[in-house]
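What follows is a short report on a single structure.
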Amino acid sequence: MVPVFISAFANELLYNIECFPDGIEEKVRELGKKTENVYFLQDLFRVLSTWCRKADRRIVLIIDEVDTAADNQIFLDFLAQLRAYYLKRPESATFQSVILAGVYDVRNIARKIRPEGDHKSNSPWNIAADFDVRMSFSVTDIISMLTQYEEDYNTGMDISGISELIYNYTSGYPVLVSRICKLLDEKIAGSSMFPGKSKAWTKEGFYEAEKRIVKEDNPLYESLMGKLEYYPELRTVIYELLFNGKPIPYVATSPYIKDAAMFGFIRNENDQAVISNRIFETVLYNNFIAEEFMTSKMYDAGAKEKNQFITGGHLDIRRILEKFIQTFDELYNQEDETFLENTGRKYFLLFLKPIINGIGNYSIEPQTRNRERMDLVIFYQGEQNILELKLWRGNAYNERGEKQLSGYLDYFHMKKGYMLSFNFNKNKKPGIKEIVLGDRLLIEAVV
C-alpha cells in the first residue's frame, strides 16, 4: 500500500503544481509511475526535501480532513516522517510549516485504534503549545454582529435581547451562531408566519429557527453522532448526563472527559461536566430517542393517540399527562424502582416526541439539569409550556419543587405550569391534581 500512496501523492503534486525547480519534476514523475519499482516513504521525502531546498520561496503543506484519515497506518507513518524532517530542519530542508486541518485535537492522532483491533500507540506529533485564543462568541460579539446587520436592514429588533437568546442556546459556538442567524435572515424572514425581517428577528422567530436547526441534518451533527458510535464509553458518559442527570466531575485527566471535551460534547462548568450547549443537548436527546422509535411501546402509544392532544391548534398538556400516566402504569408497573428512576424522563420524551413532531419542539433548561429534576420547555405553534419532571422525595421536597416551578413561571411571565412526579411509593395516589400558588396554577401529574 505504501507504493500506492506515494504514487497517488506524487501525481497530485504533478496535477496541481505548475512549476517545479529544475530536476524536481522528473523525480516526482518517476515516483508517480505505476511500475514494478517499489518506493518507500523515505524516497518520497528525499524528493520533497530537495524541492524545499531548491524552491525560490518557502513551501507550506496543508493536510485537510486529518481525523478521517487518522486510522490509516500509512498516513500516521507519513506524519511521523514529517516530524522527523522537522526536527532535522537545520541539516535537511523541509516545509516551512505543516497545517493539519479537520482535526479536533492533535493528541487525537496518537490514540487511534485500528479497525482490526490492533491497538496502535503512536505520537508523531507530540509537540503542542497552549492555544489561548477564545474560539466561541461572547454576547458582546453577537451584539456587534447584529448591530452591523441592523444598520443594513433596520429590522427594529431588540439587539441585546436576541443576542442573549442566541448565546443562551448556542453558548457562542460559532457554527451554531452563524446558522441561527442565517436561518432567521434567509428562511424565517419571508415565511408565512414571519412575512418580513422585522417579524423574523423576534423571540418567536428565534424559537422557529431553533426548532429548525435541531431537526436538520448537517456535517456537524454527523460528526458528533459518528463519535458516539466509535467510542462506546463516550456514549455512556453522554447518556448519563442527559437522561440520568448524573453529576460527573470534570477531571481533565480522565480519558472519558478528555474525549468528550476534545470532540466538543461537554464543557467545564464549576468543575462539573455539562453538555456544551442547549442545541447540542436537544440534538443528542433526539438522537438517543430516535434509536428506540422502532421498538418503543411508549413511542407507539404517543403516536397512536396524538390527535386527541391537539385542541383548536393548541397542545393539551394536561391530557398528555393523563394519558402518559395511564400508559406508563400499563407498561411498566412491574419494573423495579431503580430501573424506572433511570428511564422515567426518557419514557416521557418518547411519548411526547410523536405528538409534537413536525410542528413543535422542546428544550431542557440548563440550571435544572440534574438527577432530581429537569425542566422541560415545550414549544408548539408559537406557545410555550413549562413542565417539570422530577423524582418524588417526600412532601417537603415536593413543595419546594412547586415553589421553584412557580418562580420559573414568573421568569417566563406565565400563569400556568405543569409537573410530572415519578413516585415509587407503594401507597402513592397516581393521577392529576391542581395546585394554586398566588395567581399561578400548577397542574401536577403523579406516576
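The values are calculated or read from the model by the stated rules, or taken from the named source; none is laboratory data. Values in this document were obtained by computation on a predicted structure and should not be read as measured data. Neighbour counts are summed over all protein chains in view; Cβ atoms, including those assigned to glycine, are modelled from backbone coordinates with ideal geometry. Please note that ligands, DNA and RNA were not included when accessible areas were found on the heavy atoms of the full protein model with its side chains. Shrake-Rupley method; radii C 1.70, N 1.55, O 1.52, S 1.80 Å.
Couple of notes before you dig in:
- Output for the range 424-447, where each listed residue is within 32 Å of the chain's Cα centre (by Cα) and either in a loop (DSSP other than H, G, I, E, B) or surrounded by fewer than 12 Cβ atoms within 10 Å (Cβ to Cβ) (or both): 447
- Tabulated pairs, the range 64-87, first under 19 Å from residue 219 (Cβ atoms), second of a type in the set (Phe, Trp, Tyr) and part of a helix (DSSP H, G or I), C-beta under 8 angstrom, 6+ apart or interchain: 69/75
- Criterion: modelled with pLDDT of 80 or more and within 23 Å of residue 276 (Cα to Cα) - qualifying residue of 389, 331: 389
- Residue in the range 362-371 that is modelled with pLDDT of 90 or more and in a strand (DSSP E or B) present: yes
- Residue match in the range 23-41 (condition: within 26 Å of residue 230 (Cβ to Cβ), at pLDDT 80 or above and among the small types (Gly, Ala, Ser)): no
- Against the numbered list (1) closer than 21 Å to residue 360 by Cα; (2) surrounded by 19 or more Cβ atoms within 10 Å (Cβ to Cβ); (3) of a type outside the set (Ser, Thr, Tyr), residue 241 comes up short only at (1).
- Residues of the range 195-210 satisfying the condition of being at pLDDT 95 or above, of a type outside the set (Ser, Thr, Tyr), crowded, with 19+ Cβ neighbours inside 10 Å and over 18 Å from the mean Cα position of the chain (by Cα): 197, 200, 201, 205, 206
- Whichever residue in the range 25-61 is farther than 14 Å from residue 9 by Cβ and among the hydrophobic types (A, V, I, L, M, F, W, C) and, among such residues, is surrounded by the most Cβ atoms within 10 Å (Cβ to Cβ): 52
- Residues of the range 289-318 satisfying the condition of being assigned to a helix (DSSP H, G or I), closer than 30 Å to residue 174 by Cα and open to solvent by 10 Å² or more (accessible area, probe 1.4 Å): 290
- Boolean, residue 416 is open to solvent by 10 Å² or more (accessible area, probe 1.4 Å), over 26 Å from residue 239 (Cα atoms) and at pLDDT 90 or above: yes
- Test for residue 92: is it more than 20 Å from residue 219 (Cβ to Cβ) and either more than 32 Å from the chain's Cα centre (by Cα) or at pLDDT 80 or above (or both): yes
- Residue selection: residue 326 satisfies the criterion of being more than 27 Å from the chain's Cα centre (by Cα), modelled with pLDDT of 90 or more and surrounded by fewer than 21 Cβ atoms within 10 Å (Cβ to Cβ).
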